[in-house]
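Asks: Below: one structure in structure tokens.
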Amino acid sequence: MQARTLTINQERLQKRIQDLSRIGRIGETGVCRLALSPEDRAGVEQVRLWMDEAGLQTRMDDFGNLIGRLEGRNPDAPLLMVGSHIDSQPYGGRYDGAIGVLGGLEALQTMKEQGIVPEQSVEVVAFCDEEGCRFQKGLFGSRGILGRLEPGELERTDKNGVSRRQALLEFGCDPDRLEASVYPEGSIGAYLELHIEQGPVLDRAGEPVGIVSAISGPLWWTVELTGFAGHAGSVPMNMRQDALLGAAKVIMALNELARLDPAAPTVGTVGHLEVFPDSRNIIPERVRFTVDLRDVDQERRNEREQALREAIELAAMEGGLTYTITEDTNSDPRYCAPWIKDIIREEGRVLGIEARELMSGPFHDALALSYVCDYGMIFVRCKDGISHNPAEFSSFEDVALGTELLYKTVLRMTAAGK
């Protein structure tokens with residue numbers, strides 16, 4: 001790594017990552033910048049200052065997306081979009097999303113400083129609410145600009161009862177003017193995203209960067225099981241309608257289904273659970289929980305989904321429960337464009353990297369963009385594959401190398417010249 005000469009400014013990039021991580025900091029290394037929160041707004045304002053310093057045209061749209069634009073020779077041509085997000089999980093790390101925004105900004109700022117003008121315009125975007133943890137549905141900003149929001153999304157509430165509509169208003173957006181922020185069909189030519197891997201493949205292989213081959217298709221449900229509350233000390237076990245017991249059976253079934261094929265990348269998670277009445281001496285009457293099922297093989301995921309539905313039906317029947325399943329997100333696996341992967345691979349070789357291809361289990365803003373344009377992603381290794389955790393770590397050398405590769409790829413994709 002030390003032998004490589006980078007065009008981008010590694011020190012500037014490192015300082016910005018460190019400075020941004022102080023906004024919403026928890027503990028020594030953690031970050032909590034929930035979407036549309038005051039911390040998120042402070043982060044957006046800081047990144048906008050850096051975009052202004054870089055000489056980009058900046059704006060925040062009514063979805064809460066921050067956009068910096070580098071004008072091309074042919075501003076009417078479909079643009080190249082580069083980006084990620086700066087919102088975080090409630091117990092998150094410094095690198096998830098942030099390196100994609102700050103790396104994209106660094107790539108465009110380097111182009112400006114080198115006197116390079118791209119053939120088409122390039123925009124770097126910090127998308128609003130990629131994570132989806134606050135309102136239980138992610139990719140809000142990236143789906144929003146494509147006109148792909150679903151009915152009722154503005155009425156979704158967080159755990160404090162704040163609606164997304166209210167949060168947008170407090171953020172400085174106008175939810176009644178969202179249509180004006182939608183990009184016209186065909187105006188986005190391609191999309192690039194730099195992101196930490198959030199998995200252990202690159203770290204175990206001792207490789208700094210990789211090329212994403214595909215993003216697994218996520219299926220998100222909210223499941224609600226309803227039984228009957230009763231005194232924990234007096235209702236016999238065989239007469240109970242315990243919603244939490246039913247939920248436990250479903251959670252175990254999901255875990256077993258995800259493990260059916262040890263060689264497959266199938267994953268299943270229940271990460272959020274609400275119990276009512278939530279008292280130690282009352283049999284739980286109602287339990288609401290989330291299901292996150294992902295796979296890069298659509299047919300296999302469909303089979304697991306059907307089996308999980310049957311497990312929910314069985315648990316309800318055995319426990320005398322009723323249930324509802326609400327589908328929050330459903331996407332098929334999305335594959336990266338071969339021509340973009342080829343450019344990343346070729347530019348990697350120039351930098352002395354033989355980058356491997358690997359799939360992405362987590363979804364990214366690239367998933368939304370994949371429905372309207374070709375996309376490519378560059379992964380940067382993270383220590384032990386840890387993410388969504390304050391222990392998340394990527395070396396600044398690796399992040400800089402990934403950003404250099406992003407920069408070189410942008411130059412190739414835009415036929416940039418002086």
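Asks: Can you give the Rg to Rh ratio for the chain, taking only C-alpha atoms and Rh from Kirkwood?
Replies: Result: Rg/Rh = 1.01.
Asks: Here's something else I'd like to know. Which cross-chain or sequence-distant (5 or more) residues have an amide H under 5 Å from the amide H of I282, H modelled 1.01 Å from N in plane?
Replies: Here the answer is A232, since their amide H atoms fall under 5 Å of that of I282.
Asks: I'd like the Kirkwood hydrodynamic radius of the stretch 90-194, using the inverse of the mean 1/r over distinct C-alpha pairs, in Å.
Replies: About 15.8 Å, per the Kirkwood formula over Cα pairs.
Asks: OK, next. Could you do me a favour and compute the accessible area per residue for the stretch 224-287, 1.4 Å probe, result in Å²?
Replies: Accessible surface, normalised per residue, equals 62 Å².
Asks: Test of the criteria: in the stretch 83-191, which trypsin sites (Lys or Arg not before Pro) are in a DSSP loop and have at most 14 other Cβ atoms within 10 angstrom of their Cβ?
Replies: Qualifying residues, ordered by number: R148, K159.
Asks: So which GluC sites (Glu not before Pro) in the stretch 320-418 pass both tests, a DSSP loop state and at most 13 other Cβ atoms within 10 Å of the Cβ?
Replies: E354
Asks: Please report the relative contact order for the stretch 225-336, taking Cα pairs under 8 Å with a sequence separation of at least 6, and give it as a percent rounded to a whole number. Don't skip to the end; give the middle numbers.
Replies: Details: 171 pairs, mean separation 39.3, N = 112.
For the stretch 225-336, the relative contact order is 35 percent.
Asks: For the chain, set up a Gaussian network in which alpha carbons nearer than 10 Å are linked by springs, and say which option among A264, A214, A355 fluctuates the most.
Replies: For the chain, modelled as a Gaussian network with Cα springs under 10 Å, the answer is A264.
Asks: In the chain, what percent of the accessible surface is made up of carbon and sulfur (1.4 Å probe, ligands and nucleic acids excluded)?
Replies: Answer for the chain: carbon and sulfur cover 49 percent of the accessible area.
Asks: Please report the spacing between the Cα centers of the stretch 255-303 and the stretch 167-181 in Å, no decimals.
Replies: The stretch 255-303 and the stretch 167-181 have Cα centres spaced 33 Å from each other.
Asks: Which shape class, rounded, prolate or oblate, goes with the stretch 178-257 when its Cα gyration tensor gives a ≥ b ≥ c as root eigenvalues, a/c under 1.5 marks rounded, and past that a/b bigger than b/c marks prolate?
Replies: In terms of gyration-tensor shape, oblate.
Asks: Taking amide H positions as placed 1.01 Å from N in the peptide plane, with prolines and chain starts having none, which residues 5 or more places from I386, or on another chain, fall under 5 Å of its amide H?
Replies: Counting only residues 5 or more places away or on other chains, the set is F393.
Asks: May I ask for the Rg/Rh ratio of the stretch 276-346, computed from Cα atoms with Rh as the Kirkwood radius, given to two decimals?
Replies: Over the Cα atoms of the stretch 276-346, Rg/Rh equals 1.22.
Asks: Could you give the distance between the Cα centres of the stretch 206-220 and the stretch 80-121, to the whole Å?
Replies: The stretch 206-220 and the stretch 80-121 have Cα centres spaced 18 Å from each other.
Asks: Using alpha carbons only, how many degrees (0 to 90, rounded to 10) separate the axis of helix 10-21 from the longest principal axis of the chain?
Replies: 30 degrees
Asks: I'd like to check one number: the per residue accessible area of the stretch 297-418, probe 1.4 Å, reported in Å² as a whole number.
Replies: 42 Å²
Asks: Counting only the backbone N, which residues of the stretch 87-102 are under 14 Å from the spot 7 Å out from the Cα of T29 toward its beta-carbon?
Replies: Residues 92-96 fall inside that zone.
Asks: What ³J(HN,Hα) values, in whole Hz, does the Karplus curve 6.51 cos²θ - 1.76 cosθ + 1.60 give for the stretch 166-172 when θ = phi - 60°, with x put for Gly and Pro?
Replies: Rounded to whole hertz, the list is 4, 5, 4, 4, 5, 7, x.
Asks: Next question. Would you please state the base-10 log of I(q)/I(0) at q = 0.13, 0.17 1/Å for the stretch 243-364, with intensities from the Debye formula using one equal scatterer on every alpha carbon?
Replies: Result of the Debye calculation: -0.65, -0.91.
Asks: If you don't mind, there's one more thing I want to ask. Can you tell me the orientation of helix 396-413 relative to the chain, as the angle in degrees between its alpha-carbon axis and the longest Cα principal axis, to the nearest 10?
Replies: Tilt of helix 396-413: around 70 degrees.
Asks: Does the stretch 1-142 classify as rounded, prolate or oblate by the C-alpha gyration tensor (a ≥ b ≥ c root eigenvalues; a/c under 1.5 gives rounded; else a/b over b/c gives prolate, otherwise oblate)?
Replies: Verdict is oblate for the stretch 1-142.
Asks: How far is the Cα center of the stretch 1-51 from the Cα center of the stretch 378-396, in Å?
Replies: 15 Å
Asks: Report the label-to-label distance for I282 and V162 in nanometres (one decimal), using points 7 Å from each Cα along the Cα→Cβ vector.
Replies: 2.8 nm
Asks: Let me ask something additional. Rounded, prolate or oblate: which fits the stretch 131-276 when a ≥ b ≥ c are the square roots of the eigenvalues of the alpha-carbon gyration tensor, with rounded for a/c under 1.5 and prolate only if a/b beats b/c?
Replies: oblate
Asks: Round to the nearest 10 and give me the degree value, 0 to 90, for the angle of helix 243-258's Cα axis relative to the longest principal axis of the chain.
Replies: 50 degrees
Asks: Find, among the chymotrypsin sites (Phe, Trp or Tyr not before Pro) in the stretch 308-386, those assigned to loop by DSSP (not H, G, I, E, B) with at most 16 other beta-carbon atoms within 10 angstrom.
Replies: Y371
Asks: Also: State, as an integer percentage, the relative contact order of the stretch 324-389 based on alpha-carbon contacts under 8 Å between residues 6 or more apart.
Replies: Details: 22 pairs, mean separation 25.2, N = 66.
Value for the stretch 324-389: 38 percent.
The values are calculated or read from the model by the stated rules, or taken from the named source; none is laboratory data. All values derive from a computational prediction rather than experimental measurement. Please note: Cβ atoms are built from the backbone with ideal geometry, for glycine as well, and neighbour counts cover all protein chains shown. With ligands, DNA and RNA removed, areas are computed over all heavy atoms of the protein, side chains included. Shrake-Rupley method; radii C 1.70, N 1.55, O 1.52, S 1.80 Å.
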